[in-house]
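This report refers to the structure that appears directly beneath it.
Derivation of every value follows stated rules applied to the coordinates shown; laboratory data play no part. Just so it is clear, the structure is predicted and the values come from calculations on it, not from any experiment. A quick note on method: Cβ atoms are made from the backbone with ideal geometry, for glycine too, and the neighbour counts reach across all protein chains shown.
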Amino acid sequence: MDRNDDLLKRRETIRLGGGEERIKKQHEEGKLTARERIATLVDEGSFFEVDDHIRHRSTYFGLDQKYFPADGVITGIGSVDGREIAIFSQDFTVQGGSVGEMHAKKITKIQDMAMKMGIPLVGINDSGGARIQEGVDSLYGYGEIFYRNTLASGVIPQITVIAGPCAGGAVYSPAITDFVIMVDKTSKMFITGPEVIKAVTGEDVTQESLGGAEVHNSKSGVAHFIAKSDMDAMQIVKKILSYIPSNNMENPKMGSEIEIESDGSINSIVPQSSNKPYDMIDVLNRIVDPGTFFEVQAKFARSMITAFARINGRTVGIVANQPKVLAGVLDIDSSDKAARFIRFLDAFNIPIITFADTPGFLPGTPQEYGGIIRHGAKLLFAYSEASVPKITVITRRDYGGAYIAMGSKHLGADIVLAWPTAEIAVMGADGAANVIFRNEIKNSVDPEKTRSEKIKEYADTFSNPYVAASRGYVDTIILPSETRSVLIRGLEILGSKVEGKPSKKHGNIPL
Ligand code: HXC
C-alpha cells in the first residue's frame with residue numbers, strides 16, 4: 001500500500017475510536033464522543049492533535065493482542081475565541097476510556113505543554129478508571145497526573161468537565177483543579193461505589209444519590225457548575241475562560257466599557273428593618289455590567305455568593321453574603337466556598353469585590369463539631385493573604401468576627417465602603433443590650449421597658465457606619481446608587497497596586 005494511503009487508513013481507524021457500535025451507544029446514552037466534545041469547544045479547524053498514534057505496551061491479560069485507538073484519550077491544543085487552550089478528552093468508546101500507562105502519559109504531556117506555554121488546561125473525563133489489566137502502571141499514571149495538577153495550580157487555570165463516570169482515586173485530578181462542571185444525569189463521581197458501600201455499611205444507595213451532578217453541586221461542593229448536556233458543559237467552559245487570564249502572569253482581558261444610568265431603585269433595596277431579608281443578587285445586578293453576573297457554585301452553601309462579573313469591562317470576582325438564605329450567616333461550607341474562590345482570584349490577578357451583610361457565624365454543635373473554627377479561619381487566611389485589589393462594600397449588618405472575616409480593612413482591604421444602612425458592631429443590639437445591661441434590666445421596675453430602651457441606646461450608638469468611619473475602618477460612606485461609579489474609580493486607582501508579603505515557602509492555611 002502507498003505510504004500516504006497507509007497513513008490515511010490509520011487516521012481513519014484512530015478517528016473511529018471504539019467503532020460505530022460504541023459511538024452509537026454513547027449517543028444513545030445522551031453523550032457526545034470525546035472528539036465531538038472537543039469540536040464543540042474549540043474554534044473550528046483549530047484543534048492540533050498530538051499523540052494520536054500512541055499505543056499501550058502492556059502484555060498482561062491478553063492486552064498484547066489488543067489495539068486501543070489513541071489509547072482512549074484525545075489530547076491536543078485548540079483555540080477558544082482565539083485563545084489557545086490545552087485539552088484532554090477521554091474516549092469511553094475505547095476500553096471504557098480506562099487509564100493505562102500510555103493514556104496517562106498523553107495527559108501528562110499535554111499538562112506539561114500547557115504549563116510551558118502558559119495556557120489553560122481543560123480536562124474532559126469519561127472513564128471507567130484505572131485500566132485494570134495494567135495494574136500498577138495505571139496507578140503510576142494517575143499519580144503523575146495528580147502531581148502535575150498540583151504544580152499547575154495557581155500557574156494556569158485548570159477546568160474539568162465530568163461527562164461520564166469518574167470513580168475511585170480518579171476523582172482526585174478533578175478535585176485539584178479550579179472548576180468542576182458536571183453534566184446532569186450522565187456524570188458520576190464517588191470514591192466507593194454502591195456495592196462497596198452496601199458490603200461495608202449495609203447502606204443502600206444509588207449512583208445518582210451518591211455522586212450525581214446535583215449532589216456534588218448542592219451538597220458536597222465538589223462541583224461548581226451543573227450542565228444540562230455535554231454541549232452545555234462546553235458553553236460553561238467557554239464562559240469561564242472569557243473571564244480569566246491564560247496564566248498567573250497575565251491580567252484578564254478587558255471587555256468593553258459601559259455607561260449605565262442608575263434608576264435609583266438600588267437606594268431602597270435594603271429594607272428598613274435589619275431582620276428583613278432581601279436578595280443580594282438583585283443588588284449585584286444593579287451594580288455590575290448588565291448580563292455579566294456569572295455565579296460559581298450557585299447551588300452550594302447559598303448563604304454566600306461567589307461570582308465572576310465585569311465592572312466597566314474589567315473582570316472582578318464577587319464574594320457576597322446572601323441575606324435571603326440563613327440571613328447571610330457564615331458557616332463551614334460558606335467559609336470554604338468563599339475562601340477557595342478568593343484564592344483562585346488572587347492567583348489569577350482578579351480584583352475581589354466583597355459585599356457584606358452577615359449576622360455572624362452560625363451557632364450550634366453541628367458547626368462546632370464540624371470545625372467551624374478551622375473552616376472559618378480559611379476565610380480570614382484567604383482574605384489576608386490575597387494581594388490583588390480588594391474593595392469591600394458593607395450594605396447592612398456586619399457583626400463580630402464575621403465583620404472581620406468579610407474583607408474588612410483589618411485583613412488588608414484597600415477600600416472599604418459602607419452604605420448608610422450599614423451596622424458595624426460586635427453583635428446585634430438585642431444581644432448586646434441583654435449582656436451589658438443585664439443587671440439594670442433585671443433590677444428595673446419595668447424590665448421590658450428598660451430592655452427596649454437599652455436596645456435602642458446600643459443601636460443608636462453602633463447600628464450605623466459612622467463610628468467605624470470615624471476610626472478609619474470604613475474609608476467613606478456612599479449612597480447605594482453611587483456604588484458602581486465608586487467601584488469603577490476604585491478599580492482604576494488600585495490598578496497599579498503592588499503589595500509585598502513576607503517571603504516564605506508557603507503559608508500553612510488551616511485545612
Ligand atoms: C479496563 C475497562 C474498565 C477498566 C471499563 N472497561 N472500565 N477495562 N479497566 N477500569 C471496559 C469494559 O470491560 C468494556 O470492555 C468497555 O470498557 C466498556 O465498558 P462497559 O462495562 O461495557 O460499559 P458500561 O456498561 O457503560 O459500564 C461502565 C462502568 C463499568 C460502570 C465504568 O465499565 C465498570 O464498572 N468498570 C470498572 C470500573 C472500575 O472498577 N474501575 C477501577 C476503579 S479503581 P469490553 O471489551 O468488554 O467492551 C480506580 C483506581 C484509580 O480507578 C486509582 C487512582 C489513584
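Okay, here's what the table says:
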| item | result |
| --- | --- |
| Given 185/378; 253/409; 9/228; 109/219; 9/109; 239/497, the pairs whose alpha carbons are separated by over 31 Å | 185/378; 9/228; 109/219 |
| For region 108-242: rounded, prolate or oblate by the Cα gyration tensor [a/c cutoff 1.5] | oblate |
| Region 1-115: C-alpha gyration tensor shape, a/c 1.5 cut-off, then a/b vs b/c | rounded |
| Packing-based exposure ordering (other Cβ within 10 Å, fewest first) of 453, 261 | 261, 453 |
| Cα-based equivalent ellipsoid of region 1-66: semi-axis lengths in Å, sorted from largest, via gyration tensor | 23, 20, 13 |
| Gyration tensor (alpha-carbon) shape descriptor, region 420-492, a/c threshold 1.5 | prolate |
| Of all DSSP beta bridges in the chain, antiparallel share, percent nearest 5 | 35 percent |
| Tilt relative to the chain, helix 372-385 - C-alpha long axis, 0 to 90 degrees, to 10 | 90 degrees |
| FRET E, pair residue 206, residue 8, Förster distance 56 Å, beta-carbon r, rounded to 0.05 | 0.75 |
| Kirkwood Rh in Å, taken over all unlike Cα pairs in the chain | 25.0 Å |
| C-alpha long axis of helix 3-16 to longest principal axis of the chain, angle in ° | 50 degrees |
| Separation of alpha-carbon centers, region 203-238 and region 468-482, rounded to whole Å | 41 Å |
| Rounded to 10°, Cα long-axis angle of helix 230-243 versus longest principal axis of the chain | 50 degrees |
| Theoretical gain in end-to-end length, residue 434 to residue 404 [0.36 nm per residue, Cα-Cα removed] | 8.5 nm |
| Protection proxy ranking, peptides 285-292, 391-398, average beta carbon neighbours within 10 Å, highest first | 391-398, 285-292 |
| Sequence-distant aspartates and glutamates (8 or more away, or on other chains) whose Cα lies within less than 12 Å of residue 276 | 357 |
| Burial ranking of peptide ranges 171-181, 363-373 (average Cβ count within 10 Å, highest at the top) | 171-181, 363-373 |
| Nearest-0.05 FRET efficiency for residue 16 and residue 153, computed from C-beta distance (R0 35 Å) | 0.45 |
| Inter-label distance for residue 112 and residue 302, nm, one decimal - labels placed 7 Å from Cα along Cα-to-Cβ | 4.7 nm |
| 403, 278 arranged by Cβ crowding within 10 Å, fewest neighbours leading | 278, 403 |
| Calculated FRET efficiency for the pair residue 28/residue 485, C-beta based, R₀ 51 Å, to 0.05 | 0.40 |
| Sorted by Cβ density within 10 Å, fewest first, the residues 336, 5, 126 | 5, 336, 126 |
| Cβ crowding within 10 Å averaged over residues, with 376-382, 77-83, 295-301 ranked highest first | 376-382, 295-301, 77-83 |
